[in-house]
Amino acid sequence: MVVGGGSVAARKVALLRKAQANVTVVSPELCHELQQLKDKNLIRHLARHFAQSDLEDCVLVIAATSDSTVNETVSELANQLRLPVNVVDNPDLCSFIMPSIIDRSPVVIAVSTGGSSPVLARLIRTRLEGSIPSAYGRLAKLVENFREKVKAAFPSVESRRGFWEKILEGTVAELVFSGHESEAEQMLAKAIDSQSANPDIPGEVFLVGAGPGDPDLLTFRALRLMQQADVVVYDRLVSPAIMEMVRRDAEVVYVGKERSKHTMQQENINQLLVRLAKEGKRVLRLKGGDPFIFGRGGEEIETLAQEGVAFQVVPGITAANGCSSYAGIPLTHRDYAQSCVFVTGHLKDGSVDLNWKALAQPHQTVVFYMGLHGAPTLCREMVAHGLPASTPVALVEQGTTPQQRVFTATLDSLVDVIKNEDIKPPTLIIVGEVVKLHDKLKWVEEHHKDNMDGVFAYKD
């Protein structure tokens, strides 16, 4: 039952008829679209106002009138009769909602905002419509025809999953998308016969940079591999928002490290990756930032190479790039800095083991990773080797995440700021004249302060 005869009701009727429902419309008048359906006897029309008796023998009700009183009455009566009811653009009166649909039958994708913003759901659907080929439906039907044969050829769930992922991301899928379905079918059959003779799919390690925290900064390739992994081995600096994007049924292993607290030693992590890959698993080694910038990625793939394990590396946005950008601090600038240096502030035998003379140079930006604990030494040595005590410094705590905080100081006030503001890791320290640009270029605050509800904090 659809109550209402306007264009909104017509859209709901179209969806219901596509689901092969028998639709009755009650309304004194019908819009042009509904009148055409009535003239073709494709809907039943009750040419009057809604009455309680109209709900008899219904299994689902939609109220789509412009009269809020009528819509409320329909909702109340339907709930009394325990009938599913949807009141258009009024989620409080609904017992179910109707998401926006991307139909690639038998593949159907629903986009819902829980009734809070149907317009937003439609906008998201529109974007997805352009990125999901219409041929996905034909691809799904092809796969369906071969499911039992693949089950027989590949005894384990892991081997079947690996086979299908290669097929659905390879030449067979491309043939379907280009309209060559018979060739795709022949190639799929040959692939099953060829692979079933050797069903053991070798393992592989994906060394992926997860970036500084904001999931929007992930690469397309990183996202694709995150959905393919059987096991995820991840670090402390990988944000929860990014972990939400890995494959739901993947095994998850935490190997994070904090100062003086290592969940697993690096040598053991290396051997863990080797063991999992040799078991035939696809292993996602997920690291905060970029795996080759203070991420020990080189050590890990060196072990993999020695053991003959296949691997691939996906770069990520390192913390220096991400945090400085979100803080509005360009690392190089013609007026302030013509070079930039990334260094780690890890302590070694109680002292910071760095080339201070090379770091304390004018017209240079120095970014310290993991430098909070060594900040007193950092400030003392930079001044001792020639930088003015008034040199600007920025601290970016949990950069690019909703918890980001940015503080500015100088070399002679940095230690006090860290103590007074109770700054915690992960925090990046940026030293150089470019920090002066923070007040002018802090775009996250300036352009999003009306929408972020105080999520990002900036203090000087």
Report summary line: Counted residues in the range 382-398 being crowded, with 19+ Cβ neighbours inside 10 Å and either modelled with pLDDT of 95 or more or among the β-branched types (Val, Ile, Thr) (or both) come to 9
Report task. Those residues that are more than 24 Å from residue 76 (Cβ to Cβ) and either of a type in the set (A, V, I, L, M) or part of a strand (DSSP E or B) (or both), I need them from the range 16-44; list them, please. Result -> 19, 30, 34, 37, 42, 43
Report task. Identify all residues within the range 254-269 that are crowded, with 16+ Cβ neighbours inside 10 Å and at pLDDT 90 or above; write none if there are none. Result -> 255, 269
Query raised in the report: Regarding residue 222, is this residue touching a strand residue (DSSP E or B) at 6+ places or on another chain (Cβ under 8 Å) and part of a loop (DSSP other than H, G, I, E, B)?
Result: no
Query - Wholly within the range 51-141, strands (runs of 3 or more DSSP E) carrying at least 1 residues that are within 25 Å of residue 30 (Cβ to Cβ) - result: 61-63, 85-87, 100-104
Query raised in the report: Got at least one residue in the range 174-183 being within 29 Å of residue 111 (Cα to Cα) and in contact with a Phe, Trp or Tyr (Cβ under 9 Å, 6 or more places away or on another chain)?
Result: yes
Query raised in the report: Just checking, how many residues over the range 85-115 are in contact with a Leu (Cβ under 6 Å, 6 or more places away or on another chain) and under 29 Å from residue 136 (Cβ atoms)?
Result: 2
Report task. Assess whether residue 62 counts as being closer than 29 Å to residue 172 by Cβ and either assigned by TED's automatic domain parsing to the domain that holds residue 183 or surrounded by 12 or more Cβ atoms within 10 Å (Cβ to Cβ) (or both). Result -> no
Requested in this report: Considering every residue within the range 202-213, establish whether at least one is touching a helix residue (DSSP H, G or I) at 6+ places or on another chain (Cβ under 9 Å), in a loop (DSSP other than H, G, I, E, B) and surrounded by fewer than 16 Cβ atoms within 10 Å (Cβ to Cβ).
Outcome: yes
**Report entry** Residues of the range 235-253 satisfying the condition of being farther than 24 Å from residue 157 by Cα and outside any loop (DSSP other than H, G, I, E, B)
**Finding:** 240, 241, 242
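The values are calculated or read from the model by the stated rules, or taken from the named source; none is laboratory data. Since we're looking at a predicted model, the values are computed, not measured. Ideal geometry is used to build each Cβ from the backbone, glycine not excepted, and the neighbour counts take in all protein chains shown.
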